[in-house]
Structures are given as C-alpha cells and as structure tokens.
Amino acid sequence: MSLADRHERIMERCVYSLKTWKQVVLQNYENEQEANAELEKMKNIVKDHCAINDNYKRSQEALSMVQEKIDSSDYMTIDVNKLYEDCLNNLPESSNRDFQDNEIWEKVIGGVTDVVEVRTKSKKLDPTQYESLGDSLLCSNVFTPPVDPMTKKVIRNPYRNKRCNHVYEYNSIVDYIKQQRNRAKCPYIGCTNHSFRVTDLVADQVMASQITQHLATQGESSEDEEVI
C-alpha cells in the first residue's frame, strides 16, 4: 500500500468517526445548549484533521517539485532536505483558516451549524413519517450531495482523486482525461493538481451510499437537473 493510499484510508476512518460523533449528538442530546457545545468540540477536532490533511497535501506537492528539480538537474549532488524545505516554503498557505472549504469539513459538518436546524425540521413530521425515515432523516438534513465540476449535476457515481482528494462523476472525469490526455488537470477552480491520470481515481463507496440515501429521501425528480 502506497503512502497516499494509507493516508486516504486513515482520513476516511477519521471522517467516519467524526460523522458518527455528530450523529450521536444530533440524535441523543435533548438539551440543545449541551448539544451545540458538544458540536463545537467536534468542530475543533475537525479543524485539526483539516490542518493535517492540508499539510499532507502540501508536503506531497513539495515532494513532487523536488522530484522534478532532481530529474532536470545536471548536478551530481543535491541537498535533498534543503531542496524540500525550499519547495515547501514556496508553496502558498491555505487562504481559508476556518477550513470552511476543506473537503473534510464539508464531509463531516455538511452545512449544519447547530442542532436546532435538524430538530426544527424533524418536528414538522408526524410520528409515522419519522419512523419510516429513520436514519435517512438525519442524512437528508445534514448531507449535501456533491456537484460535478464539469456537468454541474449531482454526482451519482463518485470517484475521488488520490492526489488532491476532489470528487467527480466517474464518466465525465474519465471522458475529460481522455480528451485532454497529458494536459489533464483537476477541474476544480484553484486546485493545484496539474497532473491527472485515470489511475489516480478511486471509487468513494461511502459517499455513493450517502448520495443514494439522500436522493431516495428527497425524491429523485431533480437529481439530474443542472445545479446553478
């Protein structure tokens, strides 16, 4: 298993644990003030994981730069450690220190700022509706399905990029890579991943399950509509 695969698997486990924490709070805390206090603790942990993920991606990008410089250098001896530090220091810092745009934050927090939002929506359902929805109620209120950056439609078959961790609709991203060939880069605005191959893609089974559950709960009449 490569370092990138190992990191991705660890992050997936962390995200799963954090989302479980959030669900426990939303489903079991009766006191809204206590629930929101617990969610704030969770958000601080999520920020820590966002920082770890950002630092990992920056280090991987710096290593790629080091490799390129070594491959193109005519010198027989190179101080690799110094070269790595120089490359790392030249990379821009994250512009969003609150991590609102970080993929881990989006996966775990999902747009819910406090417990009131979920509780308010659930009160509008009668008991039979609530029982029939079960866990899908929480999923539909908390999870927002991702939108493919090229088709602008809700993603149905999510594949994630191992390098930058962005997610795409499988068919559209594969077609894009085939068309662009060696010029293919991540289509997300601002992404620094300029080296993109089909082998970088991995199926995101967890997100696929979330999308299926969300669409089943919301009704599938609008999943193919273009998102503006």
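The values are calculated or read from the model by the stated rules, or taken from the named source; none is laboratory data. Since the structure is predicted, the reported quantities are computational estimates derived from the model, not experimental observations. All Cβ positions, glycine included, derive from the backbone under ideal geometry; neighbour counts span all protein chains shown.
Scanning region 92-115 for residues that are at pLDDT 60 or above and hydrophobic (A, V, I, L, M, F, W, C) gives 99, 104, 105, 108, 109. Summed over region 12-67, the residues that are of a type in the set (Asp, Glu) and either surrounded by 15 or more Cβ atoms within 10 Å (Cβ to Cβ) or closer than 16 Å to residue 103 by Cα (or both) give a count of 5.
Residues that are surrounded by 12 or more Cβ atoms within 10 Å (Cβ to Cβ) and in a helix (DSSP H, G or I) within region 69-79 comprise 69, 70, listed in sequence order. The listed residues are 63, 137, and the only one of them that is in contact with a helix residue (DSSP H, G or I) (Cβ under 9 Å, 6 or more places away or on another chain), modelled with pLDDT of 55 or more, in a helix (DSSP H, G or I) and of a type in the set (A, V, I, L, M) turns out to be 63.
Of the residues making up region 181-200, those that are of a type outside the set (Gly, Ala, Ser) and farther than 14 Å from residue 149 by Cβ are 181, 182, 183, 192, 194, 197, 198, 199, 200.
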